[in-house]
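Here's the structure we're looking at; comments come further down.
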Amino acid sequence: MNKFIVFEGVDGSGKSTQIKLLENKFVENDILFSTFREPGGNPLSEKIRDILLDKSIEISDESELMLFLASRAENTKSGILRELDKGKFVICDRYSDSTLAYQGFGKGIDKEFINSCNSYVTKGNVPAITIILDIERIESKARDNTEKDRMEDNSDIFFKDVTSGYREISNNSPDRYFLIDGTLSIDEIHQQIWNKVKMEFKL
């Protein structure tokens, strides 16, 4: 089993908070790890991120998909796989399932095509655990009071489809996904995640 842990969920679900708490727990236990984000994680992918989130740029759904995939390809090759090869834990804020949820379920692009593209750009790299923070759109909107970027500017219907997509993804492979009620307290969610990580990796 690799040591690759991915966090998924819509904006406002609490991913950033839970990633920080897991990082702190790894530090407390002298566990070596690296953290990446998507899109981003390296100079090329960060430039792609700037394009994807820029509200002043109109991007077709097809171009958007390819930009996310290009960012992931570089992030995987130049960062994630190198760190995994060193035997380190790797935490990533979003990965291939984001594309399936957002561009597949949210925007209706062929899911089998997305799965094939994801497999190609990740070189078949599959997370050991994907943690999905499950939360309804009305709750995530209430939590997120930052200025919306281009991706966050999509409709409520779009985000409802994304949320449903994450749930379907989790249900299809319950052994690899860990779906958590995102409305629980921060401490409750963190404890569930830490218990799951300890059990999966025998820490």
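The values are calculated or read from the model by the stated rules, or taken from the named source; none is laboratory data. On a predicted model such as this, the values are computed, not experimentally measured, just so you know. FYI the Cβ positions are ideal-geometry reconstructions off the backbone, even for glycines, and counts take in every protein chain you see. Just so you know, the surface numbers come from the protein's heavy atoms only, side chains and all, with ligands and any DNA or RNA stripped out. Shrake-Rupley method; radii C 1.70, N 1.55, O 1.52, S 1.80 Å.
Considering only segment 6-31, state which residues are among the aliphatic types (A, V, I, L, M) and either at pLDDT 95 or above or touching a strand residue (DSSP E or B) at 6+ places or on another chain (Cβ under 6 Å) (or both). Give the steps one after another, and end with the answer.
Let us first name the residues in segment 6-31 that are among the aliphatic types (A, V, I, L, M), namely 6, 10, 19, 21-22, 27, 31.
Selection gives 6, 19, 21, 22, 27, 31.
Does at least one position in segment 43-63 carry a residue that is of a type in the set (Lys, Arg) and either modelled with pLDDT under 95 or closer than 20 Å to residue 9 by Cα (or both)? Talk me through it step by step, then tell me what you get.
Filtering segment 43-63 for residues of a type in the set (Lys, Arg) gives 47, 49, 55.
From what is left, the residues that are either modelled with pLDDT under 95 or closer than 20 Å to residue 9 by Cα (or both) are 49, 55.
Yes, the conditions are met somewhere in segment 43-63.
Condition first: acidic (Asp, Glu), open to solvent by 40 Å² or more (accessible area, probe 1.4 Å) and at pLDDT below 80. Now tell me which residues in segment 140-177 satisfy that. First the steps, then the outcome.
First, the residues of segment 140-177 that are acidic (Asp, Glu): 144, 147, 149, 152-153, 156, 161, 168, 175.
With open to solvent by 40 Å² or more (accessible area, probe 1.4 Å) added as a condition, the list becomes 144, 147, 153, 156, 161, 168, 175.
Answer for segment 140-177, where residues must be acidic (Asp, Glu), open to solvent by 40 Å² or more (accessible area, probe 1.4 Å) and at pLDDT below 80: 144, 147, 153.
Outside any helix (DSSP H, G or I), modelled with pLDDT of 80 or more and either β-branched (Val, Ile, Thr) or farther than 25 Å from residue 28 by Cα (or both), is that true of residue 183? First the steps, then the outcome.
On the way: outside any helix (DSSP H, G or I): yes; modelled with pLDDT of 80 or more: yes; either β-branched (Val, Ile, Thr) or farther than 25 Å from residue 28 by Cα (or both): yes.
Yes; evaluated as a whole, the condition is true for this residue.
Please enumerate the residues belonging to segment 38-57 that are over 16 Å from residue 99 (Cα atoms) and crowded, with 22+ Cβ neighbours inside 10 Å.
Matches in segment 38-57: 41 only.
For segment 77-119, which positions are under 20 Å from residue 44 (Cα atoms), among the β-branched types (Val, Ile, Thr) and either without any contact (Cβ under 8 Å) to a residue 24 or more places away in the chain or not in a helix (DSSP H, G or I) (or both)?
Within segment 77-119, 90, 91 qualify.
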